[in-house]
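Enquirer: Here's a structure for you.
The values are calculated or read from the model by the stated rules, or taken from the named source; none is laboratory data. Remember, predicted model here, so these are calculated numbers, not experimental data. Ideal geometry is used to build each Cβ from the backbone, glycine not excepted, and the neighbour counts take in all protein chains shown.
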Amino acid sequence: MKERPLEPTEALNCFLAAVERRAFKMAQFAVINSDDALDIVQDAMLVFVRSYAKRPETEWGVLFHRTLQSRIIDWQRRTTVRNRFRTWFGRADDDEDSEDPIQTVADTKSPNAEELLMRGDIAASLEKALQVLPSRQRQAFLLRAWEGMDVAQTASVMGCSQGSVKTHYSRAVHALQKLLEGLLP
Amino acid sequence: MNNSIDGQEKAFLEKVKRELDAAADDLDTLTLARLRSFRMRAMDEAERRKRIRFIIPRWLTAGGIATVCAMVVAVSIWFGTKQNLPTNHPEDLEILAAQEQLDLYKDLDFYTWLASADNDR
């Protein structure tokens, strides 16, 4: 029996449901703060629906990620400007929102925690390693290795040449291999 | 040698991908709920845009805007040229066509009085 093709709106809903979690994680790797990452994903979804919903479904992946990356870059620029103003007005040391260092210490005394701790260590280390990567390398790596995009699609999302994508990706892989040497052999 | 490096890299990438997938699957309930609400909002927006497109087809809006623009230009040219001509007051046309300074016409009463005073003398 032949399957009924999805309604355009239904297809759009399925597409967004499939990408929303990974989009959130990508934004979180870039901006660290979860609330900011959620704002970025919300913006990206609305802009995508307004601008590209009528485009063929085969193009949605590239277009959504281009929108998402553009929102992330916008956020980073705004934050840079805001931080510059804060430095000028002498509020650079204002760390009310910073994390309590006690909260970041691992609880090694919990019973039966070894396996969970190991698992948590890998995830946390990977997250940390992705956060310290330069943003272009992180973009290239996540789009190629996680989203499974080819070089041409990644170049289209990042707005650069295919050669640059290859360079960024290769550097990212080597940097991550070095950073995660003990955890992910 | 090269093959073993490629193999190592492939295995490394597989593990990273697995970890990333796990991290995306393990999102907390609150984050998932917020993502869902954003998606619903985006879908509402898509529906709204679809309804607007249905009510006013694109060809009609483009044609309509072009027609309105053409009509505005035509009406402004027609009435603009008609109203600017001072046909009801031919003496004004004479003043406008003259090469004299406008100040002369502003002080015309004074010069008329001066001429009549000279004549009386």
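Enquirer: Is there a residue being over 20 Å from the mean Cα position of the chain (by Cα) and acidic (D, E) anywhere in segment A:5-27?
Expert: yes
Enquirer: Does at least one position in segment A:48-61 carry a residue that is surrounded by fewer than 20 Cβ atoms within 10 Å (Cβ to Cβ), more than 7 Å from every other protein chain (Cβ to nearest Cβ) and either in contact with a Ser or Thr (Cβ under 7 Å, 6 or more places away or on another chain) or of a type in the set (A, V, I, L, M) (or both)?
Expert: Step one: list which residues in segment A:48-61 are surrounded by fewer than 20 Cβ atoms within 10 Å (Cβ to Cβ), which gives A:50-52, A:54-61.
Subset that is more than 7 Å from every other protein chain (Cβ to nearest Cβ): A:51-52, A:54-61.
Those left that are additionally either in contact with a Ser or Thr (Cβ under 7 Å, 6 or more places away or on another chain) or of a type in the set (A, V, I, L, M) (or both): none.
No, that holds for no residue.
Enquirer: I've got another one for you. Could you tell me whether A:V31 is among the aliphatic types (A, V, I, L, M) and either within 12 Å of chain B (Cβ to nearest Cβ) or farther than 22 Å from B:R34 by Cα (or both)? Give the steps one after another, and end with the answer.
Expert: On the way: among the aliphatic types (A, V, I, L, M): yes; either within 12 Å of chain B (Cβ to nearest Cβ) or farther than 22 Å from B:R34 by Cα (or both): no.
Here the answer is no, as A:V31 does not meet what is asked.
Enquirer: Filter segment A:165-185 down to residues that are assigned to a helix (DSSP H, G or I) and without any contact (Cβ under 8 Å) to a residue 12 or more places away in the chain and give me whichever is nearest to B:A11 (Cα to Cα). Quick ask: steps written out before the conclusion?
Expert: Applying the first criterion (assigned to a helix (DSSP H, G or I)) to segment A:165-185 yields A:165-179.
Now narrow it down to the ones that are without any contact (Cβ under 8 Å) to a residue 12 or more places away in the chain: A:167, A:170, A:174, A:177-178.
Values: A:T167: 20, A:S170: 15, A:H174: 14, A:Q177: 11, A:K178: 15 Å.
Per the stated criteria, the residue is A:Q177.
Enquirer: Can you tell me which residue is nearest to B:R51 (Cα to Cα) among those in segment A:34-47 that are at the interface with chain B (Cβ under 7 Å from one of its Cβ atoms) and buried (at least 22 other Cβ atoms within 10 Å of the Cβ)?
Expert: Ranking the candidates gives A:M45 first.
Enquirer: Can you tell me which condition B:R39 does not meet? The list is (1) among the basic types (K, R); (2) at pLDDT 85 or above; (3) over 18 Å from A:L46 (Cβ atoms), and all the others hold.
Expert: B:R39 satisfies all of (1) among the basic types (K, R); (2) at pLDDT 85 or above; (3) over 18 Å from A:L46 (Cβ atoms) except (3).
Enquirer: Could you check segment A:8-23 and list, in sequence order, the residues that are more than 7 Å from chain B (Cβ to nearest Cβ) and in contact with an Asp or Glu (Cβ under 8 Å, 6 or more places away or on another chain)?
Expert: To start, the set of residues in segment A:8-23 that are more than 7 Å from chain B (Cβ to nearest Cβ) comprises A:8, A:10-11, A:14-15, A:18-19, A:23.
Correct list: A:A11, A:F15.
Enquirer: Could you tell me how many of the residues in segment A:139-155 are in a helix (DSSP H, G or I) and either surrounded by 19 or more Cβ atoms within 10 Å (Cβ to Cβ) or within 12 Å of chain B (Cβ to nearest Cβ) (or both)?
Expert: The number of residues fulfilling the criteria is 11.
Enquirer: Among residues belonging to segment B:6-21 that are facing chain A (nearest Cβ under 7 Å) and more than 45 Å from the chain's Cα centre (by Cα), point out the one that is nearest to A:I122 (Cα to Cα).
Expert: Step by step, filter segment B:6-21, then rank; the result is B:E19.
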